[in-house]
Each structure stands twice: as C-alpha cells, then as structure tokens.
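The values are calculated or read from the model by the stated rules, or taken from the named source; none is laboratory data. Keep in mind it's a predicted model, so treat the numbers as computed, not measured. Cβ: placed from backbone, ideal geometry, glycine included. Neighbour counts: every protein chain shown.
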C-alpha cells in the first residue's frame, strides 16, 4: 500500500512540479548558488516595461469623487432636489438606501480650484496634491460591478468578487519575480484613518496568493514590536544557532521533497531562507534615523509616528529604493455614510501631504519614471444623500457606476484628465474604464500582456483580468 501510494504521489507531484515553470528549481538554485540568479527575476516581461514596481495607495471604504476630483458646480442649483429616475436608470442600490422614500441630490461641500498647467479641477481639501496635479493622470470614469465593500475590494485587488483568487501583488511578483533577495517582493502596510467612523475590516486574503505558490503572498509589516512577526530570535538563540537550525531543517525538507516532489516544500525552503535574510534587512529598512529633517518636513509631522499613513508613505519610498516589486498601502476610514463633511476633511488631512510628498520624493530621486503610483478606493459615493439631508451634515452611499482614481509615474501620461460622468456624477458618459481595463493597463506598464499572465489551476487557466479587460491606450505616455 505504501509503495502504491508513493507512486501515485510521484505521478501527481511530478506533473504539478514540472508545470510550475521551474519555480521550485529556481528557488533551490538561488539557495545553493545565489550568484547564478542573484537579483534576476524569476519571470520576464512580455515587452519592454516602463515601470519596474508599483506603489498602490488604497483608500479603503470608497472616497467621494464628488468632493475630491469630479467637480460638478451645477449641482448647487439642484441641491435638495429629487434625483430623476431617468438618471438612476434602475441601478441596483445597497440595502442601506434601497428603502429610502426620497433621494435628494447633494452638492459638494468642498470648494474646487483649477490647478497646474493642465488646469485640472482639484478639491480644496487636497491642496498639496493640487501642487503636483501635472504629474497625475486622473481617471474619472472608473466603474465596477460590486456595491458592497468586501466584494468590491476583492474584485479590484484580485479580479473576482469571490475570495480565493491571487491578489494583484501576487500575480505581479509571480510574473516578474523580485529584484531584491533580502526583502519580500510584495509588502503590505496598513494605517487607520482619523475619521470618527471606524474603518471596515481588511482581510489578509486581500494580499494572499490564492492558488499561486505561497511565496508570492504579501508580507504585512507591523507598526509596533517587530515589523514582521517572529523576526527576532528568541532569547538565548544567537544568529549562528539560527543558521545551524535552518541548515538542519533544510536537509530534512530536501529529503521530504525527494520523497514527495511537492513544489510547496521548495517554497518552504526558500521562505525560511528569506526570513533569515530579513532578520538583517528589515531592521535596516524600517530604521528612519538616517532620514533628514528635510525629508520629515516634506512628509509632515505624522511621518515620525510609526503606522501612520505618512510614515508608511516614507517607508514605501524606502522599499521602492530597494527594488521591492509591489508595495501596497491600505488607509482605512473612507466609508462616509454619515458625518461626511467632518470625516472627509480628517481623511484628506491624513493623506494629502504624504501622497504629494511621496510623488515629489520619488521624482527628485529619479524613481518616478519607473515606479507606478496608483491611488483610489473600491468604488465611489452616491450623488444623493443617505438618510436625512441636513444643512451642515449628510452622508453618501456606495456607488460603483462611476468613481475616480489617479495614476502617476512609470508609463502613464502626466497632466491628463480622462473620462467624464454625467451632470449628476451618477453615470459614465465618455471613455468608461472597467476594473479589468484598469488592471490590464497597470500590467501593461510593467511589460506584461494581461492575456498571457496565466496560471492553470484545477483544469482551468486563470488570469488577473479573468476573460475581460482592454489596455487604456490614451493614458499611456
């Protein structure tokens, strides 16, 4: 029985192992003879890339496009009026507003100013971003299929509303590999916003590898204690002792691999070695003592407080300098169903200066040309008020039919406003950009043909853009 079972495992493991494009072999070769692979990526691009890495600034909760980037001055004349049925077009509503008897239009409480040579309208809540608007490509015509947070975030980050698919960072590091042997190719940084409304939960599967090898999952950095769990050796265990322990464990894992031919065993070996190297590289990375006073002045006073959005933006620049492939920042607190005027101000104060500082910092260091910056949330907000519209207070519900994101850097045309929404900021009327189109475009900037970045799982070929997506050519530099 044992012999028969082993033969069955051999047949199955060999099939999967050899179909995995040599990932396990590459990992083992990097351990046995590092100079052969050095900083070379596991994969390669399909065509010349403009961007080498991505910094994704995710505003979790759905920031209001009406108050930030999609200026609709005529709504002031319609403030308080009922949203016409012809505009709503029978679109699906969330359970939070579907039973409302009235849908009063709400104009933006924030002022807008034309900024830069491009003359793009930017909210007065974002004065620092207004200073760098000529480096941004503002897309006003994003639309998605999901209207609730978890499926919407999952859709944007994995290409599917249901859990289980690899995240974008995992797809990209799987396709291109990492250029730094001593740090993970995919790093995640979390911050909590200043809004009074608590942030919705973020599931770790949003930076998971799904059915891809587990070495491609995102590594979350913490703001207190060790930046990564179990980074420090236990008391009494010197670094030499840890090295001896890992060498012994590696020998056992190799014997296990010879018996089972499971590629995940090779992944485990590689991850143990990465963790050992991170014991030296991560403390150096997260130590900001060598940053100048001028740098902290650029990012703002919050940059000195670990775990804030400003501190994470500064850390993102340091990760970009070290050629980390995908850097994901999540900032929570943008779900303004009520208290929008007060909460949105607080959220913008959190992110305005750090976002502009990150862009300026990358640019002055010569990193913006090959770093792709992405800013946005999972959807936008409704033009009508959720609940009672009060003179100085209101909220907006989720809205997936149109929302705004901006891109900057590697391969993206600067100083551009792309796409239009109707007079009510309720529907896209020109140059629609679907979630799959956005993701196809981001991959294109990295030199990846989104139709060719494929992984076969359970008899089916999968990709980040599923069976959809077109590259948005007009926004490419």
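Here is the figure for the stretch 151-163: residues that are in contact with a helix residue (DSSP H, G or I) (Cβ under 8 Å, 6 or more places away or on another chain) and either closer than 21 Å to residue 45 by Cβ or surrounded by fewer than 24 Cβ atoms within 10 Å (Cβ to Cβ) (or both) total 7.
Screening the stretch 113-124 for residues that are surrounded by fewer than 21 Cβ atoms within 10 Å (Cβ to Cβ) and touching a residue at least 40 places away in the same chain (Cβ under 8 Å) and picking the one that is farthest from the chain's Cα centre (by Cα) gives 117. Output the residue which, of all residues in the stretch 456-467 that are touching a helix residue (DSSP H, G or I) at 6+ places or on another chain (Cβ under 8 Å) and modelled with pLDDT under 95, is nearest to residue 163 (Cα to Cα). Among those that are touching a helix residue (DSSP H, G or I) at 6+ places or on another chain (Cβ under 8 Å) and modelled with pLDDT under 95, it is 466. Those residues that are touching a residue at least 60 places away in the same chain (Cβ under 8 Å), under 18 Å from the mean Cα position of the chain (by Cα) and not in a strand (DSSP E or B), I need them from the stretch 414-446; list them, please. Passing the criteria: 435, 436, 438, 439, 442, 443, 445, 446.
All told, residue 282 falls short of being under 22 Å from residue 214 (Cβ atoms) and part of a loop (DSSP other than H, G, I, E, B). Across the stretch 245-302, the number of residues qualifying as at positive phi and at pLDDT 85 or above comes to 1.
Taking the criterion of being more than 27 Å from residue 375 (Cβ to Cβ), in contact with a strand residue (DSSP E or B) (Cβ under 7 Å, 6 or more places away or on another chain) and surrounded by fewer than 19 Cβ atoms within 10 Å (Cβ to Cβ), the residues of the stretch 80-98 that qualify are 80, 81, 82. Just so you know, in the stretch 373-413 the residues that are in a loop (DSSP other than H, G, I, E, B), in contact with a helix residue (DSSP H, G or I) (Cβ under 8 Å, 6 or more places away or on another chain) and in contact (Cβ under 8 Å) with a residue 60 or more places away in the chain include one that is surrounded by the most Cβ atoms within 10 Å (Cβ to Cβ), and it is 378.
Only one residue in 72, 77, 101, 52 is out of contact with any strand residue (DSSP E or B) (no Cβ under 9 Å at 6 or more places or on another chain), more than 29 Å from residue 458 (Cα to Cα) and modelled with pLDDT of 95 or more. Which one?
Only one candidate passes the filter, namely 77.
Suppose we keep only residues that are part of a helix (DSSP H, G or I) and free of Cβ contacts under 8 Å to residues at least 60 places away in the same chain within the stretch 160-205. Which one would you say is nearest to residue 373 (Cα to Cα)? So the residue we want is 170. Checking every residue in the stretch 130-140 against the condition of being more than 30 Å from residue 212 (Cα to Cα) and assigned to a loop (DSSP other than H, G, I, E, B) gives at least one match. Would the stretch 195-205 turn up any residue that is within 26 Å of residue 274 (Cβ to Cβ) and in contact with a helix residue (DSSP H, G or I) (Cβ under 7 Å, 6 or more places away or on another chain)? No, the stretch 195-205 contains no residue that is within 26 Å of residue 274 (Cβ to Cβ) and in contact with a helix residue (DSSP H, G or I) (Cβ under 7 Å, 6 or more places away or on another chain). The number of residues in the stretch 206-216 that are assigned to a loop (DSSP other than H, G, I, E, B), crowded, with 21+ Cβ neighbours inside 10 Å and in contact with a strand residue (DSSP E or B) (Cβ under 7 Å, 6 or more places away or on another chain) comes to 1.
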